[in-house]
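Worksheet: the structure to be examined is printed underneath.
The values are calculated or read from the model by the stated rules, or taken from the named source; none is laboratory data. Because the structure is predicted, anything quoted here is derived from the model rather than measured. Virtual Cβ from ideal backbone geometry, glycine too; neighbours counted across all protein chains shown. Note: accessible area is taken over every heavy atom of the protein model, side chains too, but ligands, DNA and RNA are not part of it. Shrake-Rupley method; radii C 1.70, N 1.55, O 1.52, S 1.80 Å.
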Amino acid sequence: MDETSVVPMTGTADEAIPVPLSERLAPWFFVAPSLILLLAIGLYPVVFTFVISFKYWVMGMGAPEWTGIANYLSALGSSDFSDAVVRTLVLVVISLPVQLVLGLLIALALDSTHIALLRRLLQICLVIPIAITPAVVGLLTALMFNQQLGIVNYLLGRIGIAPVNWLGDTTNAFITVILVQIWEWTPFVALVLSAALATVPKDIEEAAMLETERWWPRFRSVQLPFMWPGITAALVFQTAFTLKEFDMIYSIEKGGPGTATEVAMLQIERLAFRGFDIGVAAAESILMLILSIVLARIYIRLFYREID
Amino acid sequence: MAKQVIFRILHTIGILLILVVILFPLYWMVAASLKTESQIFSIPPVWRFTPHFSAYAQAIRQDDVLGALLNSLIVTVGSVGLGLLVGAPAAYGIARYQFRGRRDVWFWYVTNWMLVPVVVLIPFYLTASRLHLINNLIVLVLVYQVFVVPLVVWLMVDQFRSVPIDLEEAAQLDGLGRFGVFLRICLPLVKPGIAVSAILAGIFAWNDLLYGFILTPGRSVRTAPMIVLTYLGGYIVPWPKVMAGATLVCAPVIIGGIVVHKYIARGLTLGAVK
């Protein structure tokens with residue numbers, strides 16, 4: 001970050017000059033409304049969930065009672081939960097790198113195309129998978145990946161591949177989810193990386209062009225350094241997204257076949273709102289929250305240094 | 001020279017391929033909504049057919065899709081409006097002031113983006129049921145702030161930083177107060193940023209299924225994505241009608257996204273601006 005652009009209009013950074021109270025309060029005047037709102041809507045529910053995670057509470061089965069850490073033990077001991085968490089992490093570990101690599105390729109293709117119409121068309125089209133309702137994506141998946149009558153197997157058949165049982169087989173159903181997730185979110189990553197690519201100063205790019213004709217050294221030592229903040233940002237954004245994934249998977253087959261595609265959000269939702277075991281579901285939510293905050297901390301340690 | 005020509009041809013083919021992969025499912029959805037049941041599932045697929053619009057009439061009449069679209073519109077406009085109202089000043093505060101706790105404040109917003117929905121959902125559900133606010137759209141407007149505010153702040157900090165500081169100083173010398181500078185000078189200059197954060201937050205609010213599923217399940221207050229859910233799990237799925245409903249649900253956000261695509265392509269910096 002260019003330091004001059006974040007230097008305040010008065011010398012708040014300089015501790016030696018006494019700053020009037022009104023000036024010190026000024027930033028809070030801007031920040032406070034949203035902080036208060038988020039404390040009420042973000043923090044209060046977390047505290048609430050944390051408290052009930054120590055209670056035995058099955059809805060409709062009498063008043064909640066304190067049980068200490070029993071809910072956490074039951075959550076950690078449940079293979080339903082641990083399987084769902086593992087599935088979620090597998091989704092992050094497989095889907096994210098693919099999204100990043102494909103997104104980078106698309107961003108570079110977009111940047112280097114010489115046909116204005118094509119660039120415009122691609123920019124428009126990249127917005128579509130982001131905008132389309134995930135629940136509809138799930139529904140479309142069920143239609144297109146149908147074993148006997150789906151278009152995917154028909155097209156594969158045309159190039160000589162035998163029909164795949166996409167949604168009925170446990171492994172294939174998970175692969176389908178990964179494929180669809182990649183379709184849905186790679187364009188978003190591509191747009192973030194394309195915005196990052198636009199931050200490379202033109203004169204530096206031109207100087208590099210004179211230096212070498214070869215693409216790889218130019219990419220590695222000129223474009224890539226400018227893109228790191230964008231890449232990390234996309235990583236933070238998408239990790240959160242994948243951990244929160246619910247709509248698309250639920251709309252394909254409610255986490256099925258069986259529990260083959262039941263990621264963490266689906267499992268906790270099922271436990272809380274269909275099994276009515278609020279206590280254990282709360283404990284699981286808190287564990288997921290800890291996982292996501294640990295990941296956020298790790299990323300932001302890498303990331304915020306870049307932007308500040 | 002020949003090498004360059006080959007490269008350009010491959011490059012163009014690559015881009016066309018990406019376009020096809022992105023657009024095909026969309027085409028397939030719209031086409032299915034205009035086909036008959038047997039045409040949807042015919043093998044080999046029917047590429048040329050006479051479009052029927054009766055599925056749309058059915059979806060609108062039988063499933064009250066228009067009512068659901070209206071509910072979604074209310075919730076989306078409400079939550080994006082509230083999010084911008086509190087989020088834009090916050091982004092300005094973070095972009096323009098150096099203050100103790102600035103990092104923590106920024107991290108707090110991002111943490112809220114990381115917040116898994118169920119953590120918020122259980123207390124919201126329990127509190128809303130106690131206050132008889134289940135099936136009240138205001139609850140959705142409030143709960144969506146969990147992701148709308150972080151998104152707005154995240155995207156707009158960059159925008160405010162790109163406003164030249166001299167401009168603000170000049171305005172201050174002209175006697176504008178701190179808030180006046182923000183409102184009259186900065187805000188008009190970051191219109192593209194406002195557009196991007198509004199449309200993205202709008203997309204996420206419009207598309208949300210999980211919160212609406214739990215907090216506003218009632219038939220008269222259900223939001224657009226819930227329409228899709230009603231078709232799930234039935235023994236017989238009326239596919240033309242389902243696809244017509246799905247097309248109607250997606251159309252507003254897709255059109256909105258396309259309208260501001262230029263801003264999205266430029267403004268999606270997520271703190272990565274130099």
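For the reader, a short list of remarks on this structure follows.
- Backbone N under 20 Å from the A:ARG274 label point (7 Å along Cα→Cβ), restricted to the range B:82-121: B:117-121
- Burial of 20 Å² or greater, the range A:240-282 residues [accessible area, probe 1.4 Å, versus chain by itself]: A:ALA240, A:PHE241, A:LYS244, A:PHE246, A:ASP247, A:TYR250, A:SER251, A:LYS254, A:MET265, A:GLU269, A:PHE273, A:ILE278
- Comparing mean-square fluctuations of B:LYS262, B:LYS241, B:LYS35 from a GNM of chain B with C-alpha springs under 10 Å, the top value falls on B:LYS262.
- The modelled label-to-label distance between A:PHE219 and A:LEU73, using points 7 Å beyond Cα along the C-beta direction, is 5.4 nm.
- Once backbone amide H atoms are built at 1.01 Å from N, A:TYR56 has A:GLU65, A:TRP66, A:THR67 as its partners under 5 Å, excluding neighbours fewer than 5 places away on the same chain.
- Peptide-level mean, for B:171-184, of C-beta atoms on other protein chains within 10 Å: 1
- When the solvent-accessible area of the range B:123-274 is split by element, carbon and sulfur atoms take up 65 percent of it, the probe being 1.4 Å.
- What the Cβ-Cβ distance of B:THR12 and A:VAL86 gives, at R0 = 56 Å and to the nearest 0.05, is a FRET efficiency of 0.85.
- Whole-number accessible area per residue in Å² for chain B, which is evaluated in the context of all protein chains at 1.4 Å: 41 Å²
- In this label model, A:GLU65 and B:PHE179 are separated by 5.4 nm, measuring between points 7 Å along each Cα→Cβ vector.
- Separation of the alpha carbons by more than 30 angstrom is noted, of A:LYS244/B:LYS35; A:LYS254/B:LYS191; B:LYS35/B:LYS191; A:LYS202/A:LYS244; A:LYS244/B:LYS262; A:LYS55/A:LYS254, for A:LYS244/B:LYS35; A:LYS254/B:LYS191; B:LYS35/B:LYS191; A:LYS202/A:LYS244.
- Highest-MSF residue in chain A out of A:ILE178, A:ILE249, A:ILE293 [GNM, Cα springs under 10 Å]: A:ILE293
- Residue-averaged beta-carbon neighbours from other chains (10 angstrom radius) around B:20-31: 5
- 16 Å cut-off, amide nitrogen to a point 7 angstrom out along B:SER220 Cα→Cβ, residues in the range B:59-95: B:64-72
- Counting only alpha carbon atoms, the long axis of helix B:117-130 and the longest principal axis of chain B meet at about 90°.
- Computed helical MRE - 222 nm, chain A, DSSP H runs ≥ 4 contributing -39500 (n - 2.57), nearest 500: -22500 deg cm²/dmol
- Size of the A/B contact, given as accessible area buried on both chains, probe 1.4 Å, in Å²: 10400 Å²
- Computed from backbone phi, the HN-Hα couplings of the range A:153-168 come to 5, 4, 5, 5, x, 4, 9, x, 9, 5, x, 9, 7, 4, 9, x Hz, rounded to whole numbers (Karplus: 6.51 cos²θ - 1.76 cosθ + 1.60, θ = phi - 60°; Gly and Pro given as x).
- Relative packing of peptides B:98-109, A:130-141 - highest average C-beta neighbours within 10 Å first: A:130-141, B:98-109
- Centre separation in Å (Cα based) which lies between the range A:186-213 and the range A:148-174: 39 Å
- Potential lengthening between A:ILE115 and A:ILE175 on full extension [0.36 nm per residue; Cα-Cα distance subtracted]: 18.1 nm
- FRET efficiency estimate (nearest 0.05) - Cβ-Cβ, B:PHE107 to A:PHE50, R0 25 angstrom: 0.85
- Helix B:102-114 axis, angle to chain B major axis (alpha carbon atoms, nearest 10°): 10 degrees
- Inter-label distance, B:PHE49 to B:LEU189: 5.5 nm, where each label sits 7 Å from its Cα along the C-beta direction.
- Solvent-accessible ranking of A:HIS114, B:HIS52, B:HIS261, B:HIS11, largest area first, probe 1.4 Å: A:HIS114, B:HIS52, B:HIS11, B:HIS261
- Vicinal HN-Hα couplings computed from phi for the range B:67-82 (Karplus, 6.51 cos²θ - 1.76 cosθ + 1.60; Hz; Gly/Pro x): x, 5, 5, 5, 4, 5, 4, 4, 5, 5, 4, x, 6, 5, x, 5
- Protein accessible area in chain A, 1.4 Å probe - carbon and sulfur %: 68 percent
- Highest-fluctuation residue, A:ALA107, A:ALA198, A:ALA208 considered, GNM on chain A with Cα pairs under 10 Å: A:ALA208
- In percent, rounded to a whole number, the relative contact order of chain A is 28, using alpha-carbon pairs under 8 Å and six or more apart.
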